[in-house]
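Below is one structure, written out as structure tokens, with a few remarks after it.
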Amino acid sequence: MRAVFWFEQNLKYCCFTLFETIRAESDMAKVLIVYDSHSGNTEKMAHAIAEGVKEKKVKVHVKKVNTTSIEDLVDHDAIIIGSPTYYGQMSGKLKELIDKSVKVHGKLEGKVGAAFTSSGGTATGAETTLLSILQAMLVHGMIVQGRSDSKHYGPAAVESPNKKDVEDCRRLGKRVAALVLKLAK
Ligand SMILES: Cc1cc2nc3c(=O)[nH]c(=O)nc-3n(C[C@H](O)[C@H](O)[C@H](O)COP(=O)(O)O)c2cc1C
């Protein structure tokens with residue numbers, strides 16, 4: 001009889017712990033990094049940003065644009081979008097995703113947004129590319145934090161990111177995660 005009672009109590013405790021763990025997981029802040037990349041430069045930046053997010057113990061998913069759904073955007077607290085600079089704008093694939101996001105217009109309101117890019121040169125369209133992404137985020141009612149000391153609109157690398165660019169990316173990830181946590185309070 002005592003053994004049955006003991007078993008029941010332990011079973012209840014296990015179920016409760018499991019339930020709490022699942023609840024805590026689903027309550028956890030989540031950051032999505034969506035990127036397009038043909039030759040891998042923007043992709044390297046995406047992974048460096050993810051490292052920064054993880055430093056704040058925030059969950060992060062890194063996804064290539066063609067595997068990203070509109071539901072993925074809705075499902076995260078922050079969306080960081082990275083594109084190669086294509087004629088001074090985001091790539092067509094990313095613009096297509098943003099245009100599709102009209103289906104969830106209003107549901108991205110209040111989420112944190114940020115952008116990054118890799119271009120072929122300096123002052124050859126990187127900033128306009130970043131702004132093309134940030135503009136769409138503002139139309140969605142998202143919250144975009146600038147940076148006062150350098151790279152005001154977001155990290156921009158010339159071709160493959162160098163050490164300084166990687167640091168800028170990591171720092172962006174950390175800042176976005178910190179803002180998400182602050183907003184969740
Ligand atoms: C279609 C196309 C358009 C591009 N337009 C620009 C441009 O306007 N300015 C620029 O600096 N680089 C431009 N580039 C170069 C890419 O932005 C650059 O190589 C970048 O590092 C590629 O990133 P990825 O390796 O992530 O694909 C262009 C490249 C392509 C393929």
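Where a number appears in this text, it was derived from the coordinates with a stated rule and is not lab data. Predicted model only: the values in this text are computed from it and were never measured. Cβ coordinates were reconstructed from backbone atoms using ideal geometry, including for glycine residues, and neighbour counts include every protein chain displayed.
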- request: Read through the list (1) within 27 Å of LEU183 (Cα to Cα); (2) near the ligand (Cβ under 9 Å from one of its atoms); (3) not small (Gly, Ala, Ser), then give the number of the only condition that TYR87 fails.
  value: (1)
- prompt: Quick check: anything in the range 50-69 within 14 Å of the ligand (Cβ to nearest atom), over 11 Å from the mean Cα position of the chain (by Cα) and surrounded by fewer than 18 Cβ atoms within 10 Å (Cβ to Cβ)?
  reply: yes
- prompt: Applying the selection to the range 27-49, what residues are surrounded by fewer than 18 Cβ atoms within 10 Å (Cβ to Cβ) and among the polar types (S, T, N, Q)?
  reply: SER39
- line: Reported set for the range 126-157 where residues are within 15 Å of the ligand (Cβ to nearest atom) and part of a helix (DSSP H, G or I) is ALA126, GLU127, THR128, THR129, LEU130, LEU131, SER132, ILE133
query: If you check every pair at least six apart or on different chains, which have Cβ atoms under 7 Å apart with a residue in the range 164-184 that is touching a residue at least 12 places away in the same chain (Cβ under 8 Å) first and a residue that is aromatic (Phe, Trp, Tyr) and crowded, with 19+ Cβ neighbours inside 10 Å second?
result: CYS169/PHE116; LEU172/PHE116
query: Is it the case that HIS47 is of a type outside the set (Val, Ile, Thr), within 13 Å of the ligand (Cβ to nearest atom) and on the phi < 0 side of the Ramachandran plot?
result: yes
